[in-house]
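Participant: The structure is given below, and queries will be raised subsequently.
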Amino acid sequence: MSWVGLASVAGGRPQWRAPLQAWRRLPLVCRFIQQEEGVAAVEFGLVAAPFLALLFAILETALVFFAGQALETAAASGSRLILTGQAQTQGFDAARFKGAVCSRISGLFNCENNLHIDVQSYRSFAAIPSGLPIKDGELSNQFIYQPGGPGDIVLVRLMYEWPVHVSLVGLTLANMSGGRRLLMSTVAFRNEPYK
């Protein structure tokens, strides 16, 4: 039975009493289901939480990739100080080298607490170790500063513990304990024959 059929015209005036009475006789649940006002608000309420979670996860992933690229750039420019011999001839120690690297990435990173620098020299490229310096979800604290001399092979690693805030059901960017992700940039090179 349609509304048009129920609204019969008698004497030129529509009579809405029959559908109104039929509407009142329906149980409350049926009336609730048949209502169409506020459908957009209800649908948004159902979709809002997953949508916002996905949106924040995408933003955090983009921020992690951006931070990784910034760390790569800082590692390349900081390594140039060792490659050209500037760090060795100017007497850089670990703290001064870290300060030079941090000056290139200030604003995005908390260099003082979360940035770790490891500079080691090797006899050959084959002797350079591979793998992440993570054990049991924690970063190894055995970092040294050994820039080498002219012609030495040097490995510069910058490691940053990035806090991860958003994780979807079982999916997270964290690869360390405490909801942190290790961002690492590695540069291997042979020092120039500086004097």
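Participant: Taking the Cβ of each residue in H116, H165 as the centre, tally the other Cβ atoms inside 10 Å and list the residues starting with the fewest.
Facilitator: Ascending Cβ contact count within 10 Å gives the list H165, H116.
Participant: Another one. Between A174 and F51, what is 0.36 nm times their sequence separation minus the Cα-Cα distance? Round to one decimal in nm.
Facilitator: Working: separation 123, 0.36 × 123 = 44.28 nm, distance 2.12 nm.
Taking 0.36 nm per residue and subtracting the Cα distance, the gain is 42.2 nm.
Participant: Just grab the label-to-label distance for A40 and A76, each label 7 Å out from Cα along the Cβ direction, in nm (one decimal).
Facilitator: 4.8
Participant: Further question on the same structure: Hey, for a label at Q146 modelled as a point 7 Å past Cα toward Cβ, could you say which residues of segment 87-118 have their backbone N under 16 Å away?
Facilitator: From segment 87-118, the list is 94, 117-118.
Participant: DSSP loop trypsin sites (Lys or Arg not before Pro) in segment 57-136 with at most 13 other Cβ atoms within 10 Å of their Cβ, which ones?
Facilitator: R123
Participant: Further question on the same structure: Roughly how many Å is it from the Cα centre of segment 85-123 to that of segment 133-157, as a whole number?
Facilitator: The distance from the Cα centre of segment 85-123 to that of segment 133-157 comes to 12 Å.
Any read-out appearing in this document is the output of simple, stated calculations on the displayed coordinates, not a laboratory observation. In this text, all values refer to a predicted model and were calculated from it rather than measured experimentally. Heads up, the Cβs are rebuilt from the backbone with ideal geometry, glycines too, and the neighbour counts pull from every protein chain shown.
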